[in-house]
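Here's the structure we're looking at; comments come further down.
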Amino acid sequence: MNKRSGAESKKKILAAARRVFSEYGYKGASMRMIAKSSGRSIGGLYLYFRNKEELYTTLLKARLDDLAQSTWDAVREIQDPTEALAAFILMRVNYARKHRELILIQGKEHGFTFGLKIKRQFFKHQRQVVEEIVRRGIASGEFRECDVGEVSKIIVCALRGFILSIIVEPEALFSPEECSNLILKGLWSEEGISPAREAAVLSAGNPLHVREKRSDEVRLERSGRTNGN
């Protein structure tokens with residue numbers, strides 16, 4: 001078996017495992033069920049995974065790696081810090097909604113300490129992404145001066161609370177747009193964003209849909225108006 005075919009086989013097994021775990025839960029799923037869903041023999045399945053726990057842990061890591069990569073790929077292409085931070089928040093919340101079944105399985109059957117090392121690495125990476133965005137915002141003058149590390153912790157922990165609410169209090173799930181607006185209002189500097197843009201962002205509900213002049217252009221316009229008066 002070459003590496004390419006082995007990787008494809010493993011990918012198919014993980015896709016089958018996700019379907020089976022989502023439908024039957026961790027306790028109700030079995031290696032035999034996953035093997036059948038993936039179109040492989042039970043012996044073929046054990047060539048890749050020693051047991052159900054290893055398979056589930058691998059699936060968890062694959063999901064988090066996918067989220068981390070897709071989030072980074074999206075925000076690094078967005079130069080505007082307001083839009084980049086809004087994109088980060090929306091992607092995290094929407095991803096949690098999309099994979100709600102796996103979150104429920106993990107929370108109800110394993111508890112959030114399962115796969116703790118994998119999760120810590122993931123959340124560390126997420127904080128680093130937020131820190132990079134906030135630093136860019138401060139450098140551009142769009143965000144006020146703040147403790148970048150503390151801000152990143154607050155944002156990531158707030159989003160983690162959204163995931164927890166899926167399990168313990170689904171009726172209390174907040175709007176990702178309102179979450180973005182609240183965080184952005186706390187970060188914007190008075191000089192870095194025009195009243196017109198602030199109103200447009202907040203009324204739009206989704207800052208990703210707003211395309212206005214960057215903060216340095218806004219400051220130049222204000223300066224010109226002041227000098228003209």
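We did not get these values from a lab; they are worked out from the coordinates using the rules stated. For clarity, every value in this text was computed on a predicted model and none was experimentally measured. Positions of Cβ are generated from backbone atoms using ideal geometry, with glycine treated the same way; all protein chains shown enter the neighbour counts.
Summing charges over all other residues whose Cβ lies under 12 Å from the Cβ of T57, with Lys and Arg as +1 and Asp and Glu as -1, gives +4. The H on the amide N of W188, modeled in the peptide plane, is under 5 Å from the matching H of R144, each at least 5 residues off or on a different chain. Each label point was placed 7 Å from the Cα along the Cα-to-Cβ direction; for K153 and S30 their separation is 4.7 nm. Placing pseudo-labels 7 Å out from each Cα toward the beta carbon at L116 and Y46 gives an inter-label distance of 3.1 nm. Taken along the Cα-to-beta-carbon direction at a fixed 7 Å, the label points for K98 and R19 span 1.9 nm.
Over segment 62-160, the Kirkwood radius and the radius of gyration, each from Cα atoms, give a ratio Rg/Rh of 1.00.
For each pair in K52/K119; K98/K153; K11/K153, compute the distance between the two Cα atoms and list the pairs where it is over 28 Å. It would help to have the intermediate numbers written out before the result.
Numbers: K52/K119 19 Å; K98/K153 24 Å; K11/K153 33 Å.
Checking Cα-Cα distances, K11/K153 exceed 28 Å.
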